Amino acid sequence: MTDEHKAKLQALLRGYAERAAKVEPANKTPLDQADRKMCGERLHSVVRPVLDAIMVELKDAGHDASVREHIERDDAYPSVALSFTPRAGLASALIFRYDPRHGIVVQREVKHAPWKGRPPTNTGDRLGTIGITAVSAPWVETKTLSFIEAVLKAN
């Protein structure tokens, strides 16, 4: 790292530390704590079981898949994600996460196989949003199948 970049980084970190020191601890509690908790519960009880079932099907077909859940962290919004790697393909991800403005947002990152003549870039796009209480298993299934179709086409 050049001295110029190192000095800039240190200045940014000092500025952040000064701003953080001025914030009172009581103000660090998220204002949307109730919605975050409700969303985490919906992600765990509605989204996670669907992704777990689909993960089993993908593994039974010889692909690699995993589900990860982050619903109890204070430093991040609740989320549940499916990582899917087709045989001889690249790992892609489907993420259901809380957004305080929109409810639950679904985003996918599909990686294209470079051996198919395309650069190995991601295409991240939003598949939709839904209110926290409106999320349902059929909605999750629809979004997940759309994701799997895109990954299989890309690989």
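Where a number appears in this text, it was derived from the coordinates with a stated rule and is not lab data. Being a predicted model, the structure only gives us computed values, none of them experimental.
Note on the chain: with a GNM built from Cα contacts shorter than 10 Å, the maximum mean-square fluctuation among ARG14, ARG48, ARG36 falls on ARG14. Among the lysines of the stretch 31-154, pairs that are 8 or more positions apart or on different chains and have alpha carbons within less than 28 Å of each other number 10.
Contact order for the chain, expressed relative to its length and based on alpha carbon pairs under 8 Å spaced 6+ residues apart, stands at 18 percent.
What number, rounded to the nearest 500 deg cm²/dmol, is the helix-based mean residue ellipticity at 222 nm of the chain, given -39500 (n - 2.57) per DSSP H run of at least four residues and division by all its residues? Display every interim value, and only then the final one.
Values: 4 runs with 61 residues, N = 155.
Computed ellipticity for the chain at 222 nm equals -13000 deg cm²/dmol.
Who wins for biggest fluctuation among ALA76, ALA53, ALA17 in a Gaussian network model of the chain, springs between alpha carbons below 10 Å? Taking springs between Cα atoms under 10 Å, the residue moving most is ALA17.
Relative to the compact-globule estimate of 2.2 N^0.38 Å, the Cα radius of gyration of the chain comes out at 1.29. Highest mobility in the GNM of the chain, judged by mean-square fluctuation with C-alpha springs under 10 Å and restricted to ASP99, ASP64, ASP75, is found for ASP75.
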